[in-house]
Amino acid sequence: MGKVNVDWSSIGFSYRVISKRYVANYKDGKWDEGGLTDDANVTMNECAGVLQYCQECFEGLKAYTQKNGDIVTFRPDMNAKRMINSAKRLEMPPFPEEKFLEAVDEVVSANADWVPPYGTGASLYLRPYMFASGPVIGVKPSDEYQFRLFGTPVGPYFKGGAKPVTICVSDFDRAAPRGTGHIKGGLNYAMSLHAGVVAHANGFDENMFLDPQTRTYVEETGGANFLFVTKEGEVVTPASASILPSITRRSLVYLAENYLGLTVTQRPIRFDEVKDFAECGLCGTAAVISPVGRIVNHGEVIDLPSGMEKMGPITQKLYDTLTGIQLGTIEPPKGWIRKIK
């Protein structure tokens, strides 16, 4: 078979049902063998723990067609490890790393015709997730869980180039200092939805959440880590126990140091420092880096020197390096690229 008949340039970033997905169940203290299914629907008890007490965690990664025609995934082992950490924090049985990687391989291989061709800017987005499927009426962990992984082709995040966004400092808090901000649980994203709707209603693209304890330090947005660049070319990222450890951000930090020879510092960043930075980006799987051109804190407007027309020079180099590795035009660090076929 060849590629499915899809106009890859117009699919956008939305869900589309494709051929196969992976399902495994946890019951009687162990995971079953798991396997592929054609059924895109989930059936569960009305009292399932995920519906009553939000026991759920998820991941996001992509499969790409490289320049030489190989189909690959980018650092899926990091997603597996992060999902294990999320599951432990939510008192869920971790899905083993080896089985996670097998599930990724199986879904991508079974849906190879849905992996967009090289040069389209599109990719196959993969969503592994796990939830409490057993009935629970008292407040306690469930005894039964389901792990699933599906894929959906998505278009390029930036159509016509990456235009810098305008963000605002949110009046809401994203996560508590000793809460669940460091895990990828759906509950954290649910908490950010209202803040996101308010930001959009006020004409902003995203929120900047500050630390909830003092509201003086930069944390993250509703779904991405921050990366700043000083006027001297140093890369600086926020350090906080209540932000999600982004795989994209950690990858960019490594590349900044080891490929571009830049100085990188991870430390608490006071909001009053933001006006002194030259560049700012939001790091995530979907866009790699979304450049930020303007930050608004109520009456205070901070226009970054990188401007509102394009990425700053260092942000652009980081973006080009990481996407080059994903697409096979730049030699990757050992273990970053997993070939599927």
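The values are calculated or read from the model by the stated rules, or taken from the named source; none is laboratory data. Only a predicted model underlies this, so the values are computations on that prediction, with no experimental measurement involved. Note: ideal-geometry Cβ built from the backbone for every residue, glycine included; neighbour counts use all protein chains shown. With ligands, DNA and RNA removed, areas are computed over all heavy atoms of the protein, side chains included. Shrake-Rupley method; radii C 1.70, N 1.55, O 1.52, S 1.80 Å.
Residues that are within 18 Å of Ala162 (Cα to Cα), in contact with a Pro (Cβ under 6 Å, 6 or more places away or on another chain) and in a helix (DSSP H, G or I) within the stretch 295-341 comprise just one, Thr315. Only one of the listed residues (Phe172, Phe204) is in a loop (DSSP other than H, G, I, E, B), farther than 14 Å from Ser242 by Cα and open to solvent by 50 Å² or more (accessible area, probe 1.4 Å). That residue is Phe172. Residues in the stretch 20-48 that are open to solvent by 60 Å² or more (accessible area, probe 1.4 Å) and touching a helix residue (DSSP H, G or I) at 6+ places or on another chain (Cβ under 8 Å): Lys20, Leu36, Met44.
Scanning the stretch 88-128 for residues that are of a type in the set (Gly, Ala, Ser) and within 20 Å of the chain's Cα centre (by Cα), we see that the one that is surrounded by the fewest Cβ atoms within 10 Å (Cβ to Cβ) is Gly121. For the stretch 197-251, the set of residues classified as charged (D, E, K, R) and farther than 16 Å from Val264 by Cα consists of Asp205, Glu206, Asp211, Arg215, Glu219, Glu220, listed by residue number.
A Cβ distance below 6 Å, combined with a sequence gap of six or more or placement on separate chains, defines the contacts here; from the stretch 116-138, residues that are farther than 17 Å from Phe74 by Cβ reach residues that are among the aliphatic types (A, V, I, L, M) in the pairs Phe131/Val50; Ala132/Val50; Ser133/Met44; Ser133/Ala48. Within the stretch 265-294, the residues that satisfy the criterion of being among the basic types (Lys, Arg) and either open to solvent by less than 10 Å² (accessible area, probe 1.4 Å) or not in a helix (DSSP H, G or I) (or both) are Arg267, Arg270, Arg294.
Within the stretch 131-145, does at least one residue satisfy the condition of being open to solvent by 30 Å² or more (accessible area, probe 1.4 Å) and closer than 30 Å to Pro305 by Cα? No - not one qualifying residue is present in the stretch 131-145. Among the candidates Leu327, Leu262, the residue that is more than 24 Å from Ser170 (Cβ to Cβ), open to solvent by 10 Å² or more (accessible area, probe 1.4 Å) and touching a Gly at 6+ places or on another chain (Cβ under 8 Å) is uniquely Leu262.
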